[in-house]
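Here's the structure, in structure tokens; my notes come after.
What follows draws every value from the coordinates through simple rules; no lab data is involved. Here the structure is a predicted model, which means the values were calculated and not measured. Because the Cβ atoms are built from the backbone with ideal geometry, glycine has one as well, and the counts that use them run over all protein chains shown.
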Amino acid sequence: MNEEQQRIWEYLNQNAVGYDNRISSSEIRDALNLESGGPTNEHVRNLIRNMIFNHACLIGSFRRGYWIITNEDELEMVIDDLNSRADGVRERANALQQNWDNRND
């Protein structure tokens with residue numbers, strides 16, 4: 001992990017263990033004096049995403065908050081939410097393809 005990610009990991013472990021203690025990306029950004037990367041804190045979100053993919057961190061995200069996942073119920077909640085969002089993106093992609101196929105040229 002890079003220095004910013006290590007700081008995020010330590011901060012989450014001190015302040016956001018378990019779903020009930022989740023912290024927004026803005027709170028993380030402000031507490032650690034990180035760049036936002038844009039209006040929705042893309043920099044912070046990208047750092048956390050990388051921590052999950054490349055550093056085996058169990059960080060949940062749900063309803064505008066991040067936390068250290070502590071049990072299978074929290075893990076299942078996050079996975080169900082991600083799968084639901086993925087389904088929505090696939091539905092939108094299919095609708096766009098159908099609209100394209102059915103357009104009147």
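A crude spin-label estimate for the pair residue 31 and residue 1, with each label 7 Å from Cα along the Cβ direction, gives 1.3 nm. Each residue of the range 74-81 is assigned a 3J(HN,Hα), and the resulting list reads 5, 4, 4, 4, 5, 4, 4, 5 Hz, derived from the Karplus form 6.51 cos²θ - 1.76 cosθ + 1.60 (θ = phi - 60°), x at Gly and Pro.
Net charge in the neighbourhood of residue 42 (other residues with Cβ under 11 Å of its Cβ; Lys, Arg +1, Asp, Glu -1) is +2. Ordered by the count of other Cβ atoms within 10 Å of each Cβ, fewest first, 53, 62 give 53, 62.
Report the Cα centroid-to-centroid distance between the range 79-103 and the range 1-44 in angstrom, as an integer. Taking the Cα centre of each part, the range 79-103 and the range 1-44 sit 30 Å apart. Residues 68, 52, 23, 28, ranked from the fewest to the most other C-beta atoms within 10 Å, line up as 52, 23, 68, 28.
Annotation: the residues 27, 76, 42, sorted from fewest to most other C-beta atoms within 10 Å of their own C-beta, follow the order 76, 42, 27.
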